[in-house]
Amino acid sequence: MLKKGQVYKAIYDLGGGGNYRNFMIFSPSMDASSRSIQQGRLAFEWGGCPCLVAVILNGDIELNTTIGFSRLVKIERPHTAEDYREIDRILEIYGFLKYNKEFNRLEGYEEHVKKKS
């Protein structure tokens, strides 16, 4: 189960091609069951997994984006120094976001959206 606002690392099998790394760090903007991911329902209904923010395969950081799960190997919680560096990059760019490591959650997004409306 992917939970809205939680931070995850998606690892892909890219077949060794391209100049891309094989993982993305992302935070979904909605809850999603593993069943809907495996059955491709997210891709069908939403065009992928809607995310609050994602560090995509080429290393760019995108807010309010969608990521796909084609060639997905696994999804896990961030746990390496590299994962946390990527989260720090997100926080540097989007200063309104805070990372709660204890709960593995990005916070501050809802308040930012309310201020903009």
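Here residue 80 meets the list (1) under 28 Å from residue 114 (Cβ atoms); (2) modelled with pLDDT of 95 or more almost entirely, failing just condition (1). Among the residues of the stretch 91-102, those identified as surrounded by 12 or more Cβ atoms within 10 Å (Cβ to Cβ) and either part of a loop (DSSP other than H, G, I, E, B) or touching a Phe, Trp or Tyr at 6+ places or on another chain (Cβ under 8 Å) (or both) are 91, 94, 96, 97. Looking only at residues of the stretch 15-38 that are exposed (fewer than 13 other Cβ atoms within 10 Å of the Cβ) and in a loop (DSSP other than H, G, I, E, B), we find that the one that is modelled with the lowest pLDDT is 17.
Take the stretch 49-89 and flag every residue that is among the aliphatic types (A, V, I, L, M) and assigned to a loop (DSSP other than H, G, I, E, B). Explain how you work it out, then say what you get.
From the stretch 49-89, those among the aliphatic types (A, V, I, L, M) are 52-57, 61, 63, 67, 72-73, 75, 81, 87; that's our starting set.
If the condition is that a residue be among the aliphatic types (A, V, I, L, M) and assigned to a loop (DSSP other than H, G, I, E, B), then 56, 57 are the ones that fit.
In the stretch 103-117, which residues are within 11 Å of residue 8 (Cα to Cα), not in a loop (DSSP other than H, G, I, E, B) and not basic (Lys, Arg)?
Residues of the stretch 103-117 that are within 11 Å of residue 8 (Cα to Cα), as a first pass: 104-106.
Applying the additional criterion that residues be not in a loop (DSSP other than H, G, I, E, B) yields 105-106.
106 - this is the single residue of the stretch 103-117 that is within 11 Å of residue 8 (Cα to Cα), not in a loop (DSSP other than H, G, I, E, B) and not basic (Lys, Arg).
Kindly list, by first and then second residue, each pair from a residue in the stretch 8-30 that is more than 13 Å from residue 69 (Cα to Cα) to a residue that is part of a loop (DSSP other than H, G, I, E, B) and at pLDDT below 90, limited to pairs with Cβ atoms under 7 Å and residues at least 6 apart or on different chains. Short answer, once both residue conditions are applied: 20/14. Return the residue satisfying two criteria in turn: it lies in the stretch 63-90 and is buried (at least 16 other Cβ atoms within 10 Å of the Cβ) and out of contact with any helix residue (DSSP H, G or I) (no Cβ under 9 Å at 6 or more places or on another chain), and of such residues it is nearest to residue 32 (Cα to Cα). Among them, the one singled out is 67. Mind listing just one residue for me: the one in the stretch 1-34 that is of a type in the set (D, E, K, R) and closer than 16 Å to residue 83 by Cα and, of those, farthest from the chain's Cα centre (by Cα)? Out of the qualifying residues, it is 21. List every residue pair whose Cβ atoms lie under 6 Å apart, where the two residues are 6 or more positions apart in sequence or sit on different chains, the first residue falls within the stretch 49-74 and is more than 13 Å from residue 89 (Cβ to Cβ), and the second residue, located anywhere, is in a strand (DSSP E or B) and among the β-branched types (Val, Ile, Thr). Final answer for the pair search is 49/67; 50/66; 51/65; 51/67; 73/11; 74/11.
The values are calculated or read from the model by the stated rules, or taken from the named source; none is laboratory data. As the structure is a prediction and not an experimental result, all values here were calculated from the model. Every residue, glycine among them, receives a Cβ derived from its backbone with ideal geometry; neighbour counts consider all protein chains shown.
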